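Below is one structure, written out as structure tokens; comments come after it.
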Amino acid sequence: MKFEIKHILNREIVHYHKDTTLITSKYNKIYIKNGFKEEKIKLPYDGWKTLLAFSRLFRRILRLDKCNVIPTAKGYVIIRMSKVYFYDKEEETLTHTLTLQNCRNILHQSATVLNGGKEIIFGEYGMNADRKEVPIYKSEDAGKSWKKAYVFEPGKIKHIHGCYYDKFEDKIWIFTGDYKDECFVIKSDKDFKNMEWIGDGTQTYRGCSAFFTEDSVYWAMDSEFEDNYLFKLDRKTKELKKVQDFPGPIIYTKTLIDGVYLIATVRDKEPGTKDNYVHLFASKDLENWEEVAKFKHDGLPVRVFKSGILSFADGEERSCDFYIFGEALRGLDGKIARCLLEKDSA
């Protein structure tokens, strides 16, 4: 498969793309484009930090670029700097609805939206050095209000990587991390009453996202401590097998609606990271993966200026037209790229 960047846009994050709808952001501004019309939502400033927000490097250091935007049936859920907002698209109002306990924002693509955008589920993702309780939140009114649907007791996990809906079993799959005895894959009903814990807490079960098929569930490791693999869990036999190794941890993946799957590695710490690049892989069957592009880390210290990361947009996209965005990558840091992937004719 041949990868091509068609256009680069000076926005930091692409949150959602479907047909002519595109949601992006830069610093504290959210841009919602529908066709030729673009709407801008401005979020609150950050006190003294606002003075440094003019610089992309300072935004990286202070993590001022980070936020999440989730379309719902009645508007948009926006998460930034530990605050959850609801933007009512009819009334054009922004309301602060929730303050997160141990979390500034969640991983991109890590929330589940159900029932036509009326139900939203996500878990807290943060440093949580004291290993306090970690909640999963649920909204049943399109993001206007929230309740704790489930709470991991203190000391059980560090944080939640994502909550994902599995249409084949009508279940929610939850991925947790990060260290010894904290990494689990959990299959739950949508009310979190019955939960099946899978794994032994080791790095094998430190996943951030999932691919679902009728027969199997796939997840990739996100480990800076060990070699990283894509795993396949057989739904019936519960057999877990390695599919392929990758040259770095994997946080973000994407399922395109025309039968192509994408995986992006992270340029993080050794020994989990094998080189100074972020690698983009594609597959048509989840079993055979081809590297289609790679992007070099910009060389700035990871601890301060971030690991090299390539992320995807939420929404239904095709291989002929999908978006990515980069962090700490040469030529793509703080940028959005509109991309094309030409599938082989065979």
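Taken together, the values in this text are just the output of simple stated rules run on the coordinates, not laboratory data. Note that the structure is predicted; figures quoted are calculated from it, not measured. Neighbour counts are summed over all protein chains in view; Cβ atoms, including those assigned to glycine, are modelled from backbone coordinates with ideal geometry.
With n ≥ 4 as the cut-off for DSSP H runs, can you work out [θ] at 222 nm for the chain, using -39500 (n - 2.57) per run divided by the number of residues, rounded to the nearest 500?
That calculation yields -500 deg cm²/dmol at 222 nm.
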Normalised alpha carbon radius of gyration of the chain [divisor 2.2 N^0.38 Å]: 0.94
Inter-label distance, nm, simple model (7 Å from Cα along the C-beta direction), Asp215/Glu90: 4.7
Relative contact order for the chain, counting Cα pairs under 8 Å that sit 6 or more residues apart, in percent: 14
Relative exposure of Arg56, Arg303, judged by other C-beta atoms within 10 Å (fewest first): Arg303, Arg56
For the range 61-155: span of alpha carbons on each principal axis (Å, largest first): 41, 32, 21
Filtered trypsin sites (Lys or Arg not before Pro), the range 149-210: DSSP coil and at most 11 other beta carbons within 10 Å: Lys167, Lys180, Lys193
Whole-Å distance, taken between Cα centres, linking the range 224-301 and the range 175-212: 18
Choice from Ala328, Ala282, Ala149 with maximal GNM fluctuation in the chain (Cα, 10 Å cutoff): Ala149
Cβ-based exposure ranking for Thr50, Thr265, Thr97, in which fewest neighbours within 10 Å come first: Thr50, Thr97, Thr265
Mean Cα-pair separation over length for the range 73-206, i.e. relative contact order, pairs under 8 Å, 6 or more apart, %: 16
